[in-house]
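Here is the structure we will look at, set down as structure tokens.
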Amino acid sequence: MKETAERPVRDEDPLRCEINWCKGVGPSRALILNRLGIFRAVDLLFYFPREYQDMRDFRSPDQLEPDKLQTVSGEIVRWEIRPTKRGQVVVLDVLSNNEYIQAIWFNQPMIIYGFAPGRRLLLTGKPKNKPTSYSTWQMAHPKIAWLPDLTEEEKDLEPSELFTDPYLPVYPLTEGLQQYHLRKILKFLLEDLPDQLPEVFPEKYLRDHQLLPIADAVRGIHFPADPDHLEKSRRRFIYQEFFILQLALAIRRQQHQTALKAPIMELTARIDSRIRRILPYALTGGQNKVVQEIAEDLGKPVPMNRLLQGDVGSGKTLVAVYAILQTIACGKQAVLMAPTEVLARQHLTNIENLLSASRIRIAPVFGGQPARQRAMILQEIKTGAAQLIVGTQAIICSEIEFKDLGLVVIDEQHKFGVRQRARLKSGTKFDPHYLVMTATPIPRSITMTLFGDLDVSVLDELPPGRSKITTKIVNADQRAKWWDFFRKKLKDGRQGYVVVSRVSEQEDEDLRSVISTYEDLSSGILSDYRLAFLHGRMKSEEKESIMNRFRNGEIDVLIATSVIEVGVDVPNASLMAIENADRFGIAQLHQLRGRIGRGCFPGFCALFPTERSAVEISPEEYSGTSNKAEMERKKEEAREKKMAESLERLRIFESTSDGFELAEKDLEIRGPGELFGTRQHGVPPMMIADLIRDRSILQETRKDALDLVRSDPGLSEPDHAKLRKQLLLRYGKLLDIGDVG
Ligand code: ADP
Ligand code: MG
């Protein structure tokens, strides 16, 4: 028995064979592969290339043509790194069939890793035109493939015979691992292992949706036979990745709809006209459309689960109030929740004003309420005396018991994804309806993934009387002019915001910069005006009282951190200056700017870019050298790059105020992971699919997933067993999907 314990036993299943048993691997390389998360044969099959070296056009130097992608083989003669005005250049001379070829790389010093005289390699790139037939061919930034150590029989072969593949896969590597190692191991594995892979899709499904079978696709993703094979292989995996997610979302949605019952709160013509009499404005066309969608949902016995998207200032609150009134008219309670206390209190004030003529009883619920008051409020909610409950997330955490909760409205929720959506107990056997509102314009591709189980309404029309906002990047030499303008507008009776960005992760720092900006402005440029500051560390009563004074016009200029970001609504405030504007993301800038231009006065937004000296560079960007001058240069380079990038972002922001357009651009710049915190909030990283690049496949899978779930709701047909297993494995826990069988 002792013997078997010493060496791991080989797994019967060749796919699950430990990697060190695989041909061409061995114990030390196995450890390196482990570092890449590869433990078993099957892991390597799914370790996909990050790109390909196109080897379709293999030539000897005398056959080369300019500006066409071609590959030549050769032997390293010498190389050097030369400084240039903007960095450095690696110059490599390669001898090929008695002719020299020169390869150059700008600012990629790492490329010389692995260079050695006499080492044989393939260069793939576009040669530059030779001025004369005596000069050498030159390739800028060619891709390199090392020719491996050759066996005796291989020694006599031409490189073109060694590399018969039209594309060479290029894998993400780690130290101690070379492309040709991986290629060699994969070549062995790909011989017959792929045929063992289980196929999740039924055969007919593959045919109907033009998907390559798994074995063919695995081969094609590593060593495609031609461009079409590569394309089809990629499509198969992208499709599968999106499809499983869409299937999971469709099933969750369906489970939700069959398992939960909601109270029917039907809208009658009488209720409708009563509500409209209470509202201060006639609804816009957009509001009417959305109100109707919501009213219909509320009239069904299935809990509504709807996301209302509307740009800042589009009038979501009024839509929410309509739904709340419909709920109350049907004898149920409603909850309105906001992410911050400032915002919740603003809602409270607004709604109290709005409903002052009616006899609707509103209960505020915030953290830190005195115990006696709180007990009283909780009692009112329990008996049903309180019809509308307004507050922060404290509503979820507390031990509130409702008498009969019909609707939950969650405002400005943009930081949540698939995982969490707070569920409140209604007090009856029914579940409440949910309306989630967000001003973050979410590109459709994201809505479909993160919120794929929600219905979406879009409020795409601004209320009448909105004014244009002019946005300008204001450089240091134009600031004085901007402040002149700012003062002139204040004198005309307008109000303004000065937004101070987060300086560091430390809240203390934030606070200090708010206060110092306040002091500078109040003793200088804005000394004739009434200023106040607002930051996240203040007590809520303090914040509330400042907001009230600002709203009432007792304060002219509010200096604040991004706490004013969401939802604050003061129509007379038409000016905004954002310090270090580049430190905010586009989405956040858009939220900030949405605070102005809310009334009949045109808005003006100034973006102050961070001054050169204050642009911070992280040490990673200039590490890797001990040479002081070199370090300075790297630092300067990184700073230059960072400034150019921020300026680009600010320019995009300056160019449009369309939230959806900005969101799309932001998504392109930053990638979806960053934008909505998809990582933290639910969606596991995609292996190959890309939300932006592959959005048409995403759309396709959404439709196909809905179709499939409609035809086989529990995925209980034997043909769908593997799909079901995969989706439970990947999303079961995450999306809280019970066994669907
Ligand atoms: P957001 O969608 O950003 O939450 P709000 O609900 O705060 O927008 O509305 C922005 C402003 O538009 C408010 O001052 C509100 O009173 C006003 N408003 C909303 N709907 C209408 C309407 N139908 N007609 C005129 N003004 C409206
Ligand atoms: Mg709002």
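The values are calculated or read from the model by the stated rules, or taken from the named source; none is laboratory data. All values derive from a computational prediction rather than experimental measurement. Note that we place each Cβ from the backbone using ideal geometry, even for glycine, and neighbour counts take in every protein chain shown. Ligands, DNA and RNA are excluded from the accessible area calculation, which covers all protein heavy atoms including side chains. Shrake-Rupley method; radii C 1.70, N 1.55, O 1.52, S 1.80 Å.
The C-alpha atoms of the chain define a longest principal axis, and helix 269-278 lies at about 80 degrees to it. For segment 263-370, applying the loop criterion from DSSP together with a ceiling of 12 other beta carbons within 10 Å to the trypsin sites (Lys or Arg not before Pro) yields Arg359.
Using C-alpha pairs under 8 Å with a sequence gap of at least 6, the mean separation divided by the residue count of the chain gives a relative contact order of 12 percent.
Let me spell out the model: positive unit charges on the Cβ of Lys and Arg, negative unit charges on the Cβ of Asp and Glu, origin at the Cα centre of the chain. What dipole size does that give, in debye rounded to 20?
On the way: 104 positive and 104 negative charges, 519 e Å.
So the magnitude is around 2500 debye.
With the Cα gyration tensor of the chain giving a ≥ b ≥ c as the square roots of its eigenvalues, does the rule (a/c under 1.5 for rounded; else a/b larger than b/c for prolate; else oblate) give rounded, prolate or oblate? Since a/c reaches 1.5 but b/c is at least a/b, the shape of the chain is classed as oblate.
Each residue of segment 83-93 was assigned a 3J(HN,Hα) from its phi angle through the Karplus curve 6.51 cos²θ - 1.76 cosθ + 1.60 (θ = phi - 60°); the sequence is x, 10, 4, 10, x, 8, 9, 9, 10, 10, 9 Hz, with glycine and proline shown as x. When the chain is described by a simple charge dipole with +1 on each Lys and Arg Cβ and -1 on each Asp and Glu Cβ, the residue from Ile555, Cys17, Phe237 located farthest towards its positive end is Ile555.
Semi-axes of the equivalent ellipsoid of segment 9-144: what are they in whole Å, largest first, if each equals the square root of 5 times a C-alpha gyration tensor eigenvalue? Don't skip to the answer; put the middle values down first.
Details: eigenvalues 286, 61, 37 Å².
In descending order, the three semi-axes are 38, 17, 14 Å.
Leaving ligands, DNA and RNA out of it, rank Met437, Met643 by accessible area with a 1.4 Å probe, largest first. Could you put the intermediate results ahead of the total?
Details: Met437 0, Met643 55 Å².
Solvent-accessible surface, decreasing: Met643, Met437.
Can you give me the Cα centroid spacing of segment 538-562 and segment 303-381 in angstrom? First find each Cα centre; the distance between them is then 22 Å. With the cut-off at 16 Å, report for segment 22-94 the share of all Cα pairs above it, as a whole percent. Counting pairs separated by more than 16 Å, the tail of P(r) holds 72 percent. Restriction of the trypsin sites (Lys or Arg not before Pro) in segment 24-127 to DSSP coil positions whose beta-carbon has at most 11 other beta-carbons within 10 angstrom yields Arg50, Lys68, Lys85, Arg86.
What part of the accessible area of the chain, given as a whole %, is carbon or sulfur when the probe is 1.4 angstrom?
Its accessible area is 51 percent carbon and sulfur atoms.
For Val498, the residues whose modelled amide H falls within less than 5 Å of its own, excluding neighbours fewer than 5 places apart on the same chain, are Leu558, Ile559, Ala560, Ala577.
Taking a 31 Å limit on the Cα-Cα distance, which of the listed pairs Lys468/Lys491; Lys332/Lys703; Lys261/Lys316; Lys289/Lys468 fall beyond it?
Details: Lys468/Lys491 20 Å; Lys332/Lys703 36 Å; Lys261/Lys316 26 Å; Lys289/Lys468 24 Å.
Those over the limit are Lys332/Lys703.
Split the chain at each of the GluC sites (Glu not before Pro) in a DSSP loop with at most 15 other beta carbon atoms within 10 Å, and the longest piece is 13-151. Accessible surface area normalised per residue over the chain is 49 Å², counting heavy atoms of protein chains with a 1.4 Å rolling probe.
Computed from Cα atoms, the angle from the helix 26-35 axis to the main principal axis of the chain rounds to 20 degrees.
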